[in-house]
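S.K.: Got a structure for you, questions after.
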Amino acid sequence: QVQLVESGGGLVQAGGSLRLSCAASGSFFSINTMGWYRQAPEKQREMVASITQSGSTNFADSVKGRFTISRDNAKNTVYLQMNSLKPEDTAVYFCNAQLKLRRYDPLSVRDYWGRGTQVTVSS
């Protein structure tokens, strides 16, 4: 089965940095868009950053200029470099990947989610 595994979360002081990683494994043909979402207590899940197969990126306004998303297609891995962290960045961060499971089946595209990793930024 397909699995997304996040790593790199933890506790950091305001102004510090963290780098999150998410590796996809299992049986699939290709990965389309990959991204990071986050959810704070009593808030809805929000998109933080995404990156297409060709490298085009999108960021939430709240993280522009501070976060960078990148991917290594050979390793099926997406990264989120988080700099100048703020307490309001505290949340569980989830990896998302749009996977095409079978080469000749256009209906085989599915969204997959990691289990999440906690990021806590102290003031």
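S.K.: Between R103 and S56, what FRET efficiency follows from the Cβ-Cβ distance if R0 is 25 Å, with the result rounded to 0.05?
M.R.: Values: r = 23 Å, r/R0 = 0.91.
Efficiency, rounded to the nearest 0.05: 0.65.
S.K.: Give the long-range amide H neighbours of G116: residues separated by 5 or more places, or on another chain, with amide H under 5 Å away, using H modelled in the peptide plane at 1.01 Å from N.
M.R.: E6, C95
S.K.: I need the phi-derived Karplus couplings for the stretch 78-87: 6.51 cos²θ - 1.76 cosθ + 1.60, θ = phi - 60°, integer Hz, Gly and Pro marked x.
M.R.: The phi angles translate into 10, 10, 10, 8, 10, 10, 6, 5, 10, x Hz.
S.K.: If the elastic network links every pair of Cα atoms under 10 Å, which of G35, G26, G15 fluctuates the most in the Gaussian network model of the chain?
M.R.: Residue with maximal mean-square fluctuation among G35, G26, G15: G26.
S.K.: If you don't mind, another one. How big is the chain on each of its three principal axes, counting only the C-alpha atoms and giving the largest first in Å?
M.R.: 50, 25, 23
S.K.: Report the FRET efficiency, 1/(1 + (r/R0)^6), for V2 and S84, where r is their Cβ-Cβ distance and R0 is 35 Å, rounded to 0.05.
M.R.: E between V2 and S84, to the nearest 0.05, is 0.55.
S.K.: Under a 5 Å amide H to amide H cut-off, with H placed in plane at 1.01 Å, what residues pair with F67 once short-range neighbours are removed?
M.R.: Under 5 Å from the amide H of F67 lie the amide H atoms of N83, each far enough along the sequence or on another chain.
Throughout, read-outs are computed from the coordinates displayed, never taken from laboratory work. These numbers were taken from a predicted model, which means no experiment stands behind them. When we count neighbours, we look across all protein chains shown, and the Cβ atoms used for this are built from the backbone with ideal geometry, even at glycine.
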